[in-house]
Every structure is written in C-alpha cells, then in structure tokens.
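A short worksheet on the structure shown next.
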Amino acid sequence: MLKFSHYNISYCVMLANMALGVLLSAVAGLGTGSSFWPMKVIRKLHFEHYWFIGMLPLLIIPWAVMLLSVNNLSAVFSEIGWRPLIISNLFAISWGVANVLAGICTARIGFTLTGAILTGVSTIITVTIPMILKGSGIFNGSPGLASVPGLMILSGVAITLFGVILSAKAGFGREKIQAVNNTVRPSSGSFLVGLVLVIIAGVLAIGQAFAFVYSQDPIITAMRNHGAGGTSANFGFWAIGLLGGILVNILYPALLMFKNKSWGVLKQSPRELLLSTLIGSQLIVAFSIQGIGMIALGALGASVGTGIKQAMQFISGQGVGFISGEWKGISGKPINQMITAGVLLVLAVVLMVFARIA
C-alpha cells in the first residue's frame, strides 16, 4: 500500500513538472515570437538605431541579476571552466547573426513570413539533434530517435516541415496579390533575397537553444553553488552563455551608425528609444522562462520544450503580423495556406507533448 502511495506521489509530481514545463515553454514561445512588435510602431529610428538600443537589455538585465545574486563571480567562473563557456558562446554567436538577419528580414518580407520560416527551419534542427548528440545535465538522458518518443517527435518535425512549406507558399501568394493590387506592404528590398536570408537565419538560430542544451548544467550548477537561486541562475546562464551573440547584436548596428554617421538620430525620439528597449527586455525574460521550462520537462526537455516554444513562437509572430496589417486585403488561397500552417504547428506541439508522456 505504501509503495502504491509513493508511486502515486511520484506520478503526480511528474505530471505537475510536465504541465509546468509545457506552460513555461509555451509562454516563452509567445514572448519570443512577439518580441519584435515595437518595430511596427517605430517610424523615426532606422534599423541600426532601434536594434542597437533594443539589444542593450539582453546584456544589462541578465548581468544585473547575476551580479546581485552570486557571492563570488570569479569563483563561479573558476568552477565552470572554459569548455562550457566556449561551447555556449560559439552557439551564441550563431544565434547572434541569426537574430540580426531576422531583424533585416522582418523589414524586407514582413513579420509574418519571417517568423514562420525562421521558426520552422530552426525547429527541425533543434528538436532532433539533442536526441542524437545528448545535451548536458538532465538532457543527457534523452531517448534516441528510434524510441517511441523519438518517433513521435520526428512525426511532429515532419508536420512542422510541411507547415513551413505552406507558409512560404502563402508568402509568395501574398506577394503576387499585392503586386497586382499595387498595395504597399511594410517591407523593403527584394522578396527573394529576404526569403534566402530568413532560411539562413533559421539554420543559425539553433544557437540560442543549443547554447543552453549543451552548456547549462555546469554554468547553472556553479551559480547555485555560489548563492544564486533557480531563476537567478537561469538568468545568469544567459548573461555569460549568450554573451557572444548579444555582442554581435550590439556591435553590428553600432558599426552601421559609425559608417552612416547617424548616432545623432538617437536623439530624435525618446519615445521610440523606450519602445526599442522592450525588444530585448521581452526576449531575455522569454529566454529565462524557456530555460526553466526545458529543465522542468526532464530528459526530453531539450527536444519537447524547444518544439513547444518554437510552435508558440510561430503563432504569436503570425498574430503580430496579422494585427499590424501585413495581410490586409489578402484573401483566398494564401490566407488559407497560412492558417493551415498554424494548425499544423499546433498539431506538432500536441504530438511532442504526448511524446513526453510516452
């Protein structure tokens, strides 16, 4: 009887952790996918200005949390060692380039299509690889691709891929309708170039998730050993584990401002400067929530947590695109294809959640 009781308690704890992990991963995806919304209401600042200001909170917030929560920062670095820092920051630089490209692509081909393709391409890689090359800490125990959960996750990836193809076709359809109607869309530059760039960004974007998957355990453990709580340690991971990518995002627009001699533009709109800071602030909070959610999901958190986060990122990104008028005046096949793509990604999420239970 006692055994049965302990089993029930363990099972309830497992379900609670799983529910928490699913919820946090979904919230992280919604936050990440909608984080570029200030770009839709910024008019006076150019890309390099709002991107420079917008990325500063990615540096300031996690470092402030870490410095306030750990007792001895030098001891933390000593305990971590160089290997996890190098691994995480190489992945971080990959993400940093992807994030810059995502901003450029949003200006070229719009919020909706950028979010759809970038999310889909990166999902295919980030969901499958951790089941082949095991991650650090709890993620080291994930089952292989040939297992029942692995096959369910692969099915979700296949559905995701189909959704990405549909969303790309919807984008081309939208482009043709707007060309015929001679409507102005909130984008600039070649659509095809933007499409190629966003596919490249989707591949490089794996760096953000992989920095956490393959380096989180030694970094978070060291911080907790020196006074940081769970949430603070998670913020601290992004401070040092994503540093390379954050610097890419800050230095690139800074170089553009030096090149264009346009630093003075920053003075033109304090309101838009404030709006810009919301981009990075929302991103770093979403990243921290994502990390906590992935760990709560257990060994499969690297794959399932990322899959859920990516799908919700797609949905929130599309929501911002539709609300901001990117699809105004578009009906028929393109809009049906984009809606179908969203439904498919939701179905993929459901499969991944069941994979966690299997």
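Using only DSSP helix segments of four residues or longer, with each worth -39500 (n - 2.57), what per-residue ellipticity at 222 nm results for the chain after dividing by its residue count and rounding to 500?
Counting only the DSSP helices, I get -27000 deg cm²/dmol.
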When the Karplus curve 6.51 cos²θ - 1.76 cosθ + 1.60 is applied with θ = phi - 60°, which whole-Hz ³J(HN,Hα) does each residue of the range 297-313 get, with x for Gly and Pro?
7, x, 4, 8, x, 4, 8, 5, x, 5, x, 5, 4, 5, 5, 5, 5
Quick one: how many Å² of CYS12 are accessible to a 1.4 Å probe, rounded to 10?
80 Å²
List, in order, the whole-Hz ³J(HN,Hα) value for each residue of the range 12-20 obtained from phi through the Karplus relation with A = 6.51, B = -1.76, C = 1.60 and θ = phi - 60°; use x for Gly and Pro.
5, 5, 4, 5, 5, 5, 5, 4, 5
With a ≥ b ≥ c taken as the square roots of the eigenvalues of the C-alpha gyration tensor of the range 122-271, please select rounded if a/c is under 1.5 and otherwise prolate if a/b is larger than b/c or oblate if it is not?
oblate
Which shape class, rounded, prolate or oblate, goes with the range 37-147 when its Cα gyration tensor gives a ≥ b ≥ c as root eigenvalues, a/c under 1.5 marks rounded, and past that a/b bigger than b/c marks prolate?
oblate
Short version: ³J(HN,Hα) in whole Hz for each residue of the range 155-167, in order, from phi by Karplus 6.51 cos²θ - 1.76 cosθ + 1.60 (θ = phi - 60°), x for Gly and Pro, what are they?
4, x, 5, 4, 5, 4, 4, 4, x, 5, 4, 4, 5
Please list the equivalent ellipsoid semi-axes of the chain, computed as the square roots of five times the alpha-carbon gyration tensor eigenvalues, in descending order and whole angstrom.
34, 27, 16
If I model a spin label as a point 7 Å beyond the Cα along the Cα-Cβ vector, how far apart are those points for ILE132 and VAL343 in nm?
3.2 nm
Total lysine pairs under 18 Å (Cα atoms) in the chain, excluding pairs fewer than 8 apart on one chain
8
Quick one: among VAL304, VAL70, VAL127, which has the greatest mean-square fluctuation in a GNM of the chain with alpha-carbon springs under 10 angstrom?
VAL70
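The values are calculated or read from the model by the stated rules, or taken from the named source; none is laboratory data. Everything quoted here is computed from the prediction, not taken from an experiment. Counting neighbours? That spans all protein chains shown, and the Cβs are built from the backbone with ideal geometry, glycine included. Calculation scope for accessible area: heavy atoms of the full protein, side chains included, ligands and nucleic acids excluded. Shrake-Rupley method; radii C 1.70, N 1.55, O 1.52, S 1.80 Å.
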